[in-house]
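Single-structure report; data block below.
Computed from the coordinates by the stated procedures, all read-outs in this text should not be read as laboratory data. The model shown is predicted, which means the values in this text are computed figures rather than measured ones. Here the Cβ is made from the backbone with ideal geometry for all residues, glycine too, and neighbour counts use every protein chain on show.
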There are 2 protein chains.
Amino acid sequence: MTDLKTELATIRAQLDLRLNQALPIPNDLTARVIEAMRYSAIGGGKALRPFFILTTGRLLGVKEEDLWPIAVSLEMIHTYSLIHDDLPAMDNDSLRRGKPSNHIQFDEATAILAGDALLTKAFEHLSSPNWQIDDEKKCRLISLLSCYAGTQGMIGGQMIDLIGEKQSLTLSELKQMQRLKTGALLEFSCIAPCVLASCDSIKETALRRYATCIGLLFQMTDDILDETGQEALVGKTLGKDRKAKKTTFISLFGLEKARETARQLEEEAVQSVAVFGENNLLSAMAHYILIREK
Amino acid sequence: MTDLKTELATIRAQLDLRLNQALPIPNDLTARVIEAMRYSAIGGGKALRPFFILTTGRLLGVKEEDLWPIAVSLEMIHTYSLIHDDLPAMDNDSLRRGKPSNHIQFDEATAILAGDALLTKAFEHLSSPNWQIDDEKKCRLISLLSCYAGTQGMIGGQMIDLIGEKQSLTLSELKQMQRLKTGALLEFSCIAPCVLASCDSIKETALRRYATCIGLLFQMTDDILDETGQEALVGKTLGKDRKAKKTTFISLFGLEKARETARQLEEEAVQSVAVFGENNLLSAMAHYILIREK
């Protein structure tokens, strides 16, 4: 666990350096939107998605330098989704990562633009001629990321989540929502490096299975934290699902069943990546997500 | 002018067919966001940007089939920007293209997601393996479009526009806003086909000059219409700039000077593309924008 925490801190620091480079502040009135992008993107969060990209990429023998553009772009997309999710018309959340949400710190209009701009910047970053990999691979990654981030991925999950605030969901709808809303980008982060590696099918299958488990595990522990977590630790408003009477795994099956399912998902995630050796960082991360308090 | 109107109608019809194919309605709860995307993207608007892509592309000898993915993606990005622009936190406009704005027809949260999804889908479309052009060209187009649509382009212009609602702009800030907000995507639509053509530098320079003029001309006639147009024809709320006491070219120099500048821009646009022969569709379009009533 110490190794994992050190690794996460190292990745966060490196990520911030690269985000800082990718988002320079211009000397004109457009500076305001860049400042809003930087406010939410730099320095906050656990950098889980970059961690998965860097870690699976290294396990597959990909050069670290080739992995960073994917990590930076993905973090931009994750950040945009948080900014838009927090808007009054969406989750209406004024607290994120322990500080005021983007639209509180700036204003709603700027937050909408900052989100749009981070999403746009992600694709600018992935298509950059400065990234020294084959254009064919760039196109495959852009195609993959836009699928995982779009209506068949994250946005689709957000749509179902919104509908779930107004009507109760069936179990299969709930599962689809979980798989898409948080799961999609986490899955992408575990499998994207395969595009850059001459990846044998055993390893790729292992990573896909791990990715699915991690996506579901993360959503499950998110629901558990919403019910039982400490706001000061988690850094966002909690207890909202119950207040909004949303269908969650917990509302359907209770807290104990959710905890048990989370444990099973962690076990399956760990087993999936046994092919990369015992005590690898991916197993450690599955455990970290299971027991996380934030 | 008859040729131009026929051409615009043909392009609109073809564009709708392709948008319809690109946005199939799934048989699950995510359908709602796709319906919102389709509501704003299909059937509305003059399809100016697709017109420029198709027309300049043909003048450069590019196969029409290769041009459509750019036209469809660009229209998706233009549409997302209108959806987000109409939101209560932005322009708060309930009328667009003569029908209720997206957030009125659906709701604010769905409109935010539909905009995000159209932006994401644009890059999925451009990176599609079904588009039979070199990956190197795809990457160049994705890079170009994300620049023109981002903080150095359209979003930057929107940011300056928002700031202009709260403080008066200098002439150079106003010009930057005009160049970016509407100008950027129009410019892109005139020059993007150069990536697919073995374009000689005389033609490329001509198109760039034309593109700049068209971007400014369109913004200028937009400001004039906001002041003098008929709402029923234009299909959106008018008179808003004056009400909001925004700095526009008209507030700085008056209506007559704006009309004169528009005429000069049209003349320069027409001169720029004389290299493609007299009475070409690009000259006709410059004139059409000058005298437009909607």
Original post:
If you bin every alpha carbon distance in segment B:2-291 into 5 Å steps from zero, what whole percent lands in each bin?
Top reply: 1, 5, 12, 16, 19, 18, 14, 9, 4, 1, 0
Original post:
How do B:Ser168, A:Ser40 rank when sorted from fewest to most other Cβ atoms within 10 Å of their own Cβ?
Top reply: B:Ser168, A:Ser40
Original post:
Over segment A:93-152, with a single point scatterer placed on each C-alpha, what log10 of the ratio I(q)/I(0) does the Debye formula yield at q = 0.15, 0.17 1/Å?
Top reply: -0.63, -0.72
Subject >> Straight-distance crosslink candidates among lysines, where the alpha carbon sits under 23 Å from B:Lys5 and sequence neighbours closer than 8 are dropped >> reply: B:Lys46, B:Lys63, B:Lys99, B:Lys236, B:Lys294
**OP:** Would you mind ranking A:Ile133, A:Ile34, A:Ile291 so that the residue whose beta carbon has the fewest other beta carbons within 10 Å leads the list?
**Re:** A:Ile291, A:Ile133, A:Ile34
Original post:
Sorting B:Arg96, B:Arg32, A:Arg263, B:Arg209 on the 10 Å Cβ count, fewest up front, what's the list?
Top reply: A:Arg263, B:Arg209, B:Arg32, B:Arg96
**OP:** Would you kindly calculate the translational diffusion coefficient of the protein assembly as shown, applying Stokes-Einstein with the Kirkwood radius from alpha carbon pairs, for 20 °C and a viscosity of 1.002 mPa s, and quote it in µm² s⁻¹ without decimals?
**Re:** 86 µm²/s
Subject >> Where GluC sites (Glu not before Pro) in DSSP loops with at most 11 other Cβ within 10 Å are excluded, longest remaining stretch of chain B >> reply: B:1-277
Subject >> chain A, relative contact order [Cα under 8 Å, separation at least 6], % >> reply: 18 percent
**OP:** Over all alpha-carbon pairs of segment A:166-294, lay out the pair-distance distribution in 10 Å bins, whole %, shortest bin first.
**Re:** 13, 41, 32, 13, 2
Original post:
Roughly how many whole Å is it from the C-alpha centroid of segment A:1-63 to that of segment A:164-198?
Top reply: 22 Å
**OP:** First obtain the Kirkwood hydrodynamic radius of segment A:1-147 from its Cα pairs, then insert it into the Stokes-Einstein equation at 4 °C and 1.567 mPa s, and state the resulting D in µm² per second as a whole number.
**Re:** 81 µm²/s
**OP:** Output ³J(HN,Hα) for segment A:170-179: one whole-Hz value per residue in order, computed from phi by the Karplus curve 6.51 cos²θ - 1.76 cosθ + 1.60 with θ = phi - 60°, and x for Gly and Pro.
**Re:** 6, 4, 6, 5, 4, 5, 4, 4, 4, 5
Original post:
How about B:Lys240: which aspartates and glutamates have a C-alpha closer than 12 Å to its C-alpha, ignoring those fewer than 8 places off in the same chain?
Top reply: B:Asp91, B:Asp93, B:Glu165, B:Asp222, B:Asp223, B:Asp226, B:Glu227, B:Glu231
Original post:
Taking only the alpha carbons of segment B:23-91, what extent do you get along each of the three principal axes, in Å, biggest first?
Top reply: 43, 33, 15
